[in-house]
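The values are calculated or read from the model by the stated rules, or taken from the named source; none is laboratory data. All values reported here derive from a predicted model rather than from experimental measurement. A quick note on method: Cβ atoms are made from the backbone with ideal geometry, for glycine too, and the neighbour counts reach across all protein chains shown.
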Amino acid sequence: MEQITVLVPNRDKANLLIELLHSLDFIADIQLISRDVNGRNIEPPVDENFFSLAGIWADRDVSAESIRKEAWPER
């Protein structure tokens, strides 16, 4: 197996290249690694389904008023 690293100037062009590579049947894996101007890796955002968090406050007594009281107890 061989590996090729290609640097592109921005995410839009990287996504275009990824779409092209996905159309080829001999590509085994494609990874997008973003780097900042200093060359450090930038972690991609977690692609988490928003609705998977539904119900995390289900059995808790949370209201706007209770949050305000905790945030600003002196008021």
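The single condition from (1) surrounded by fewer than 10 Cβ atoms within 10 Å (Cβ to Cβ); (2) at pLDDT 85 or above that residue 8 fails is (1). Residue pairs whose Cβ atoms lie under 9 Å apart, separated by 6 or more positions or on different chains, with the first residue in the range 16-38 and among the hydroxyl-bearing types (Ser, Thr, Tyr) and the second modelled with pLDDT under 90, are 34/11; 34/14; 34/41; 34/42; 34/43; 34/44.
For residue 13, the criteria (1) basic (Lys, Arg); (2) surrounded by 10 or more Cβ atoms within 10 Å (Cβ to Cβ); (3) at pLDDT below 85 hold in every case but one, which is (3).
Anything in the range 18-62 that is modelled with pLDDT of 70 or more and in contact with a Ser or Thr (Cβ under 8 Å, 6 or more places away or on another chain)? List them, or say none. Once the filter is applied, which keeps residues that are modelled with pLDDT of 70 or more and in contact with a Ser or Thr (Cβ under 8 Å, 6 or more places away or on another chain), the range 18-62 yields 41, 42.
Taking the residues in the range 1-27 that are among the β-branched types (Val, Ile, Thr) and part of a loop (DSSP other than H, G, I, E, B) as candidates, determine which candidate is farthest from residue 40 (Cα to Cα). Among those that are among the β-branched types (Val, Ile, Thr) and part of a loop (DSSP other than H, G, I, E, B), it is 27.
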